[in-house]
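Everything below concerns the one structure shown next.
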Amino acid sequence: MCYGLRSQRYRLRRLRVGVRPMRRGLLLLSSPGARAVSSAAPQVVQPSRARPPCSARPTRADVSLRNLRRNFQALSRAAGVPVWSVVKADAYGHGAPAVAAALEGAGSGGLCVSLLEEGVELRQAGIQLPILVMGGAYPGTGSEFVAHRLTPVLSRLDELRRLAEDVSADGSRSLAVHVKVDTGMARLGLCAADVPRAGELLRAHAGLRWVGLMTHLASAGSDPESVRLQLQRFGDARRALNARGLQPQLLHAANTAATLVHAESRLDLVRPGIGLYGFAPGVGAAPQLAEVMRLRTQVIALRTLEQGASVGYGASWTARRQSRVATVAIGYADGLSRALSNRGSMIVRGRRVPIIGRISMDMASLDVTDAPGVDVGDEVVVMGSQRGALGEARVSAQEVADLSHSIVWEVLTAVSRRVPRVYRED
Ligand SMILES: *Cc1c(COP(=O)(O)O)cnc(C)c1O
């Protein structure tokens, strides 16, 4: 029997998971330029992210490596144990190679990604830290894990057995693995009853070296009682192993919220993600975290509309007065949620101005009537702060998330590939 958390007490967010079909011998690849590999043995192709290093269009995501390092240090101080930085999903949209290199330099104990390809990408970028692949080991990938010194997190007994075969077939080196226990998240992880069996299997396989035992918390930022229960179950799993003489060295459970709020969850290391990028939703007394990404574009057209004239697809906004309307070079294909149509704000000349009309694929419109002096070529801040002739203002990713019925994780990872990331030290 697997654990569960009682649903009326624990509001679980529905996860939207995009599943792409995968056949045996065909590894799913994330980019348009990637080749399909149809040989019997799966092959990992470097994800070509198709992200232009530059673009004629002046839309950019600035990434402050200084703020990233400061957030890392704040989390390290709060944790008091090594931080294994979570850089999955291209470092939450910030660009994994550059972010990982900065965190390696700042003293991160290890890195966590979701996919094998994400780990390979970091090795190819020269990252030396231990890299935990939290999404597990798909069939036939054992030799890739060994070749790139990547550490899979195993969540099923059949996954463990198959990897053991893969790796022993590969011969040579032993592969470090972590095992995940499901203590109530009900997503990935062994049921508690299977943990000792996993331990026995690992002991029997010289090719696999058992290093870590982990779990993941469902409501670290909102439900202390559920955290207590999950940690108690995790402790039970560890004791069951110890009773059989099995002793993984690294125990870990804490995401950002748990790292900051639940001292008892810190164990041997912590795995913060969102906090590194400047957010700690649900955490009241968070240390000073600074947003790392600043999303900006420019005014590319300006017009004056008479009262009664409408803007954009579906004519969903109509001028109540004579209005000055600016067109900006960012749309939903860049990751600007269409849910912000006729809602959110952007900043120009240091003043907040409303988004009007529907957001289109490549553009959006702003009512700049109350921001005199706006011109074509002016910088427009979509997320982040700006100082200008009319003052100083800020739009946070949290505000964008709230307005679009989303969460900061989704807002950040939505910033698409065609927006070049610019790494800055300020
Ligand atoms: C994403 C993830 C984290 C990091 O969570 P944050 O809330 O972003 O800090 C930690 N552990 C696992 C297993 C994850 O999937």
Quiz item: Any chance segment 275-293 includes a residue that's assigned to a strand (DSSP E or B), touching a residue at least 12 places away in the same chain (Cβ under 8 Å), touching a helix residue (DSSP H, G or I) at 6+ places or on another chain (Cβ under 9 Å) and under 30 Å from Leu103 (Cα atoms)?
Solution: yes
Practice problem: Please enumerate the residues belonging to segment 352-373 that are in a strand (DSSP E or B) and within 30 Å of the chain's Cα centre (by Cα). | Solution: Arg352, Val353, Pro354, Ile355, Ile356, Ala364, Ser365, Leu366
Quiz item: If you take the residues in segment 165-185 that are open to solvent by 20 Å² or more (accessible area, probe 1.4 Å) and among the polar types (S, T, N, Q), which one is farthest from the ligand (Cβ to nearest atom)?
Solution: Ser172
Quiz prompt | Matching residues in segment 224-244 - criterion: being within 27 Å of the chain's Cα centre (by Cα), surrounded by 14 or more Cβ atoms within 10 Å (Cβ to Cβ) and among the charged types (D, E, K, R) | solution = Arg233
Quiz item: How about segment 82-128: which of its residues are out of contact with any Cys (no Cβ under 7 Å at 6 or more places or on another chain) and of a type in the set (Phe, Trp, Tyr)?
Solution: Tyr92
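Working carefully through the options Ser226, Ser219, find the one that is within 16 Å of the ligand (Cβ to nearest atom), touching a residue at least 60 places away in the same chain (Cβ under 8 Å), touching a Phe, Trp or Tyr at 6+ places or on another chain (Cβ under 6 Å) and not in a helix (DSSP H, G or I).
Numbers: Ser226 fails: not in a helix (DSSP H, G or I).
It is Ser219.
A quick yes/no check of all residues on (1) over 23 Å from Val419 (Cβ atoms); (2) touching a residue at least 40 places away in the same chain (Cβ under 8 Å):
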site	(1), (2)
Ser85	no, yes
Asp90	no, yes
Gly93	no, yes
Ala96	no, no
Ala100	no, no
Gly105	yes, no
Leu122	no, no
Ala125	no, no
Gln128	yes, no
Exercise. Go through segment 380-421 residue by residue and tally those that are within 17 Å of Pro58 (Cβ to Cβ) and in contact with a helix residue (DSSP H, G or I) (Cβ under 6 Å, 6 or more places away or on another chain).
Key: 3
Quiz item: Any residue in segment 289-298 that is modelled with pLDDT of 95 or more, within 16 Å of the ligand (Cβ to nearest atom) and open to solvent by less than 20 Å² (accessible area, probe 1.4 Å)?
Solution: yes
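When you check Leu188 against the structure, is it within 13 Å of the ligand (Cβ to nearest atom), at positive phi, open to solvent by 30 Å² or more (accessible area, probe 1.4 Å) and among the hydrophobic types (A, V, I, L, M, F, W, C), yes or no? Spell out how you get there, then give the answer.
Working: within 13 Å of the ligand (Cβ to nearest atom): yes; at positive phi: no; open to solvent by 30 Å² or more (accessible area, probe 1.4 Å): yes; among the hydrophobic types (A, V, I, L, M, F, W, C): yes.
So Leu188 fails the test.
Could you identify the single residue in Glu399, Glu392 that is surrounded by fewer than 15 Cβ atoms within 10 Å (Cβ to Cβ) and either touching a Pro at 6+ places or on another chain (Cβ under 7 Å) or outside any loop (DSSP other than H, G, I, E, B) (or both)? Quick ask: steps written out before the conclusion?
Values: Glu399 fails: surrounded by fewer than 15 Cβ atoms within 10 Å (Cβ to Cβ).
Criteria check complete, one pass: Glu392.
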Practice problem: Please state which of the following conditions Ala193 fails to meet, knowing it meets all the rest: (1) surrounded by fewer than 18 Cβ atoms within 10 Å (Cβ to Cβ); (2) in contact with a helix residue (DSSP H, G or I) (Cβ under 7 Å, 6 or more places away or on another chain); (3) in contact (Cβ under 8 Å) with a residue 60 or more places away in the chain; (4) over 25 Å from Ala397 (Cβ atoms). | Solution: (2)
Quiz item: Within the set of pairs 6+ apart or on separate chains, which have a first residue in segment 246-259 that is in a loop (DSSP other than H, G, I, E, B), a second that is within 8 Å of the ligand (Cβ to nearest atom) and charged (D, E, K, R), and C-beta atoms under 9 Å apart?
Solution: Ala253/Arg271; Ala254/Arg271; Asn255/Arg271
Quiz prompt | Residue identified as modelled with pLDDT under 50, farther than 22 Å from Tyr138 by Cβ, surrounded by 10 or more Cβ atoms within 10 Å (Cβ to Cβ) and of a type outside the set (S, T, N, Q) among Arg57, Arg13, Arg9 | solution = Arg9
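The values are calculated or read from the model by the stated rules, or taken from the named source; none is laboratory data. Remember, it's a predicted structure, so these values are computed and weren't measured experimentally. Ideal geometry is used to build each Cβ from the backbone, glycine not excepted, and the neighbour counts take in all protein chains shown. In case anyone asks, the SASA skips ligands and DNA or RNA and just uses the protein heavy atoms, side chains included. Shrake-Rupley method; radii C 1.70, N 1.55, O 1.52, S 1.80 Å.
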